[in-house]
Amino acid sequence: MTGLNDLLDLVAAKSAPGHAGEMQEAILGMICNESQPMPLSAQELHEALETDGEFLVLRLGYDEVAEELRENRLEETIREALSILISFEDDGGALETIERFIRHFHERLDPRQNFRFGIRRTRTLSDAPVTILFAGILPINQLKITVGTRIAQMIEADRAYFEPRFRELRERLSEEIGIPILPVATDISETIPPGSIRLVDPSEDRVLCRFDVTQPDREGIENYLMKIYYIYLRLWRERGERHPADAHSPAPAHGV
C-alpha cells in the first residue's frame with residue numbers, strides 16, 4: 001500500500017526544479033478518501049505517476065470546465081497521456097457538470113488509457129474545484145501524421161478495413177516496445193501533394209520522415225503503414241524513451 005510519503009517523494013522526483021512544493025500540494029489535494037461519494041486514493045495517483053513520462057497538472061474552475069466542454073481545447077493533451085485522473089469538488093450543485101465532463105473524457109479515450117476520478121463533498125467550492133492529472137506523457141505518443149487529400153479520401157472510403165488495421169499495428173508496437181502506443185493525431189493538408197504522408201514531431205517542429213504513396217490502394221497504404229511501424233521502433237531505440245525528458249513537468253496551470 002502506497003503511503004503519503006511515497007507519493008510526495010515520487011512527485012518531488014518527477015517535478016521540474018523549483019516546482020516540487022506546488023506539485024505536491026496540488027496532487028495531495030486530489031485525494032478523496034473512502035467517506036467521499038467517489039474515492040480517489042494515493043495509491044491510484046502513485047501508480048499513474050510512476051509510469052515513464054512527463055506529467056501535467058491543471059486546476060480549473062467550473063466556468064473553465066464549461067469552456068472546455070464547448071471548445072474541446074484539451075483534446076490533444078487527452079490523446080497523449082497514458083493516465084488521466086480527475087478530482088472534483090461538489091457543493092451539491094455541480095453533479096450534472098461533473099457527469100458531462102466525465103463523458104467528455106470518456107468519448108476521447110483509447111481503451112489503453114487509464115482513467116480515474118474522485119468526487120469530494122464540500123460546503124463551499126474553492127477557486128479551483130477541479131484538478132486534472134495527465135501522466136505518462138511520452139514523446140512517442142506526441143507524434144503527428146499529416147496526409148495529403150488523396151490519402152485521406154482513400155482511408156475514409158475504406159474505414160472498415162483501415163481502422164482495425166491501425167489498431168492492430170498499435171497493438172504490435174505496444175507489445176514490441178513495452179508501453180501503450182496511443183492513436184496518432186492525423187491532420188489533412190492541402191499544402192502537401194495529395195499522395196504524400198509526413199510524420200511530424202511537434203515538440204521540435206520537425207518532419208521525421210516524408211514519402212509518397214504512388215499506388216493509391218490498400219497495398220500502397222500498407223507499404224506506408226509498415227514504414228511508419230519501423231520508424232516508430234527506430235525512434236524508440238534511438239531516443240531511449242524509457243528515460244524521456246530532462247524536465248519532467250511544467251508548473252501547474254490554472255485554466256485551460
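Details
- Stokes-Einstein diffusion coefficient of the chain, Kirkwood radius over Cα pairs, 25 °C, 0.890 mPa s, in µm²/s: 124
- Taking T77, T191, T97 as the candidate residues, the one with maximal mean-square fluctuation in a Gaussian network model of the chain, Cα springs under 10 Å, is T191.
- Exposure proxy shown here: for Y224, Y229, the number of other Cβ atoms within 10 Å sets the order, fewest to most, as Y229, Y224.
- DSSP beta bridge pairing in the stretch 77-172, given as percent antiparallel to the nearest 5: 45
- Using only side-chain charges placed at the Cβ, +1 for Lys and Arg and -1 for Asp and Glu, the dipole size of the stretch 1-111 relative to its Cα centre rounds to 80 debye.
- Shape summary of the stretch 140-239, radius of gyration then Dmax from alpha carbon positions: 13.1, 36 Å.
- Sorted by Cβ density within 10 Å, fewest first, the residues M226, M30: M226, M30
- Sparsely packed loop sites in the stretch 49-144 (the GluC sites (Glu not before Pro) outside DSSP H, G, I, E and B with at most 15 other Cβ atoms within 10 Å) comprise E107.
- The chain, relative contact order in percent, only Cα pairs under 8 angstrom and at least six apart counted: 26
- Antiparallel DSSP beta bridges within the chain, as percent of all bridges there, nearest 5: 65
- When the helices of the chain are scored as -39500 (n - 2.57) per DSSP H run of n ≥ 4 and the total is divided over every residue, the value at 222 nm lands at -13000 deg cm²/dmol.
- Put in order of Cβ neighbour count within 10 Å, fewest first, the listed residues S41, S174, S203 become S203, S174, S41.
- Helix 95-106 and the longest principal axis of the Cα set of the chain meet at an angle near 30°.
- Of all beta bridges that DSSP places with both ends in the stretch 140-239, some 70 percent have antiparallel geometry.
- At most 13 other Cβ within 10 Å, DSSP loop - trypsin sites (Lys or Arg not before Pro), the stretch 16-107: R73
- Quotient of Cα Rg and 2.2 N^0.38 Å for the stretch 1-90, N being how many residues it contains: 1.14
- Loop GluC sites (Glu not before Pro), the stretch 151-227 (other Cβ atoms within 10 Å of the site Cβ: 14 or fewer; DSSP): E190, E204
- Average silhouette area of the stretch 1-153, convex hull of alpha-carbon atoms, in square nanometres: 10.8
Coordinate-derived values only; no laboratory data. Every value quoted in this text rests on a predicted model; they were computed, and no experiment measured them. With ideal geometry, Cβ positions are generated from the backbone for all residues, glycine too; neighbour counts draw on all protein chains shown.
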